[in-house]
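One structure below.
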């Protein structure tokens, strides 16, 4: 067992699940992440597992403080999501989920880039089945339509994820050709090879203009599949950036942009899972800024915020997934008043909303502040102000909008049952961890890559944060109640499709492609018509010279034939001597 790198047991366990049914499948689904976690805990820090593959020295297992943070939270997320999804009677989803989680765990413990590439692509292939899985919460035509949407979104997702792997492999080959090294360590953005690797990581980290696969695919996954998806792919990419590109200045500005632009889309989007996808993008921006700053405090902030984010984002996806499971919809325009029959789900959603909004005594408060403090200490005033604006914005669209439109707002008339017991247990444990980390962050701080000399609960920090939250709540209230020309200033929840960078392949590419096809078709059919006319003319000319009434077809006398033969011989001799 000591020769097996972390993550392998979860992948193998996922394959074993394919052989199980019924109660054995459910028990196995819960045991696999526990066995994998036990396997990880058996390794002392500093362990390196090496493997010779042909002439290459690989390191499929490297246990250090940075990788352990992601290893711990990935196992916690895998187990809690397994509890949340254990009622699902779809063996394919369970198998895909465990292979997906195990591949993400294997990636964060990879010490060489070949191992990283293998896990990188395996996460893409395994995770797409969580998007393609049959939506058991729907029936009839609604299910068929959702399956068509999921299939198309999954295809786009797979193309982009595999494309990320292509960039990664190209960068690895160029880097090895130049340096002779496959070590997955700090690279820096220095040449074409590292630039390709940077783009590969950026695609999965959902950099601006490379991000829309996230909003396209996650809302089309099953209620349980979306929870798995929210935990692993993007955070694996954040780890890769923290390992290979700490201190890269470009990441500061990319991250700041990532925190800000999703706010404007999240406010007007109707599908609440799509709102969560945008807020996921927003939170990734804080982590990317932390990697870009590159100090010990900022990298601690990235690691701790990734840890906390996986929990509270999973909790939010769990609560909206429970609503989707019971009502068949996650659209804000079709929900409201659900607190009456789903009080526990409502309470857990509010805990997740408070955590992502960085309320004091909730997990986001003690992790996000590390990144913002690092930006302040680095005298990055503009970046700090952008992060402050983004903090207010995330409270606006995730802290208020999600619970308000799902559980309060107008009464939709829906009276669904409370979420299934296993879902409530998973949400309850996750909510407890969100509060526990916020109240007592020391255990989390103790496992971070560097020593933490930071106190989040200072009077000024708490008061400033409450001021930010209160004014953001006031802005939401005023916009929601104030009318201009008979309409509320706050964008209403309407049935709509909001186009983002997907406008390029939903509108631009079809329009350009249609124009090119029409223009090309005109040229092609014109060419065919001209060719047809030329051939008809050629055949007509041949017919006039060799047809049944032509000069050649007439009956010739022997003298005429001899004369023609002599004439042809004369021409031949003339050309020969010339």
Placing each pseudo-label 7 Å from Cα in the direction of the beta carbon, residue 53 and residue 347 end up separated by a distance in nanometres of 4.9 nm
Per the rule of 0.36 nm per residue minus the C-alpha distance, extending residue 461 to residue 574 adds in nm 30.0 nm
The extension gain from residue 178 to residue 410, computed as 0.36 nm times the residue separation minus the Cα-Cα distance, is 77.3 nm
Ordered by fewest other Cβ atoms within 10 Å, a rough proxy for footprinting exposure, 295, 81 read 295, 81
Semi-axes in Å, largest first, for segment 247-492 (Cα gyration tensor, √(5λ)) are 30, 21, 15
Counted neighbours (other Cβ, 10 Å), sorted fewest up, put 512, 95, 227 in the order 512, 95, 227
Per the C-alpha gyration tensor (a ≥ b ≥ c, the square roots of its eigenvalues), segment 1-245 is rounded if a/c is under 1.5, else prolate if a/b beats b/c, else oblate; here it's oblate
Labelled set (i) 26.7, 84; (ii) 31.4, 125; (iii) 28.7, 92; Rg and Dmax of the Cα atoms in Å computed from this model equals the value at (ii)
Each label sits 7 Å from Cα toward the beta-carbon; between residue 361 and residue 539 the label points are separated, in nm, by 9.1 nm
At R0 = 22 Å the Cβ-Cβ FRET efficiency linking residue 474 and residue 339, nearest 0.05, sits at 0.45
Footprinting proxy, 445, 239: sorted fewest to most Cβ within 10 Å, the residues are 445, 239
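Read the figures in this text as sums done on the coordinates, not as results from a lab. From a predicted model like this one, the values you see are computed outputs, not experimental measurements. Reconstructed Cβ throughout: ideal geometry from the backbone, glycine too, with neighbour counts over all protein chains shown.
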